[in-house]
Ligand SMILES: O=C(O)CCC(=O)C(=O)O
Ligand SMILES: [Fe+2]
């Protein structure tokens, strides 16, 4: 352990020359590295970060007045992915610096009320540069990589880190294989926005909706009575001086709301009738054979709901009129008003070729609403480990949802889906974004966001202006801002 601590200190001191920032290292309760998450082959590099740490970003010395306390200026030494490793290295000056100073957008600086969807209409869609440079997951070695298209830089960066269980460097052939996979993933991410636009066009032209009515919200028919009441009570708390806590106790005692642990809320959202409609509509779409973007590399059988046209009539009202109220009252440290989101379905199936589980992660969201819309299954609980910015919880909270029921959690709450052992599980997941929060710090790379234009289906909800230098650096980014920045059907 002493060696581990020395290794950490040496690591932190390396390249850390900035006199205006400072650093506090906390010795952990236990090693953050855990064999549950890292295969033994990678143990050789684990000495680098054996404990959690707290680190103040230099640029947070002038925190914006509205910055939520959620990060408290902390950068987590996250045990479970490598993105924080990359981040710490970058903050310590070990990797490329940021590509430019970003002024905050007028909307985020000046608006005194919550930023609403109207404020975004006409603005272009943006993603953080890290989408095409960070978090490339190579399953064979169970590790995330950074790669910005520079092969030599990649080899140099990972030269000393890619070791086997005996600490011997991986053969150049293996490293070349890893690089090829990372390169391929980056190419796919660069192409994805344009491909998505082409898919949407095909869907619009050739898909015949089975239940056109499911695309427009009918609150009485679609939303559970208990949900409508829950939202009404919490909406009332926004203007009441009484505060929310007594209302919450009341809602809990009446069974409208459960708090599984602080910050982890469950409640019913949808009626059975809505779940039936949505599931049959999605089955009809699947049967059409039309291609649709999968939500991520681990969920191959879900769909991105924007591509199917579910945003304007169904999901915009659901998020902006209902979920926003709940998020503001139940997870106030994580949102300053929801103003964009990414909604998709995940489908797990124990049958051959089905997705069975989902690796540990946190979401590209300030707040996530995850609702079960169908299936009957065994296993498949979603296990929550606590905020990525805080000490990992020893005992995860396992959640299994009934049909129509949901869990609302902070995007930063680390979670994974345990394998289903039989049956199928179908969920609707909404990653809700609050530009005022994410404009300060990208939740994926934990840096000040350096944004690039993208197409609306890949919008990550930032409202800061694009970073000119990053745009030049990633000029190959598929979507041209002019051709794809109309947000009409997302926000209109
Ligand atoms: O399997 C689930 O219900 C969780 C899905 C999830 O965490 C995600 O897609 O971000
Ligand atoms: Fe998730």
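Quick note: the coordinates plus some simple rules give every number you see, no bench work behind them. Here the structure is a predicted model, which is why all the values come from computation and not from measurement. Cβ coordinates were reconstructed from backbone atoms using ideal geometry, including for glycine residues, and neighbour counts include every protein chain displayed.
Below are the figures for this structure:
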{"quantity": "For segment 174-206 versus segment 432-468, the gap between their alpha-carbon centres in whole angstrom", "calculated": "20"}
{"quantity": "Spacing of the two label points (7 Å from each Cα toward its C-beta) at residue 191 and residue 209, in nm", "calculated": "3.1"}
{"quantity": "Scattering curve values for segment 172-232, log₁₀ I(q)/I(0), Debye with Cα scatterers, q = 0.24 Å⁻¹", "calculated": "-0.96"}
{"quantity": "Global geometry of segment 406-475, whether rounded, prolate or oblate, following the gyration tensor of its Cα atoms and the 1.5 cut on a/c", "calculated": "prolate"}
{"quantity": "158, 147 arranged by Cβ crowding within 10 Å, fewest neighbours leading", "calculated": "158, 147"}
{"quantity": "Cα-projected label distance for residue 218 with residue 391, points at 7 Å along beta-carbon direction, nm", "calculated": "5.2"}
{"quantity": "Rounded to whole Å, sorted largest first: equivalent-ellipsoid semi-axes of segment 202-491, Cα gyration tensor", "calculated": "27, 25, 21"}
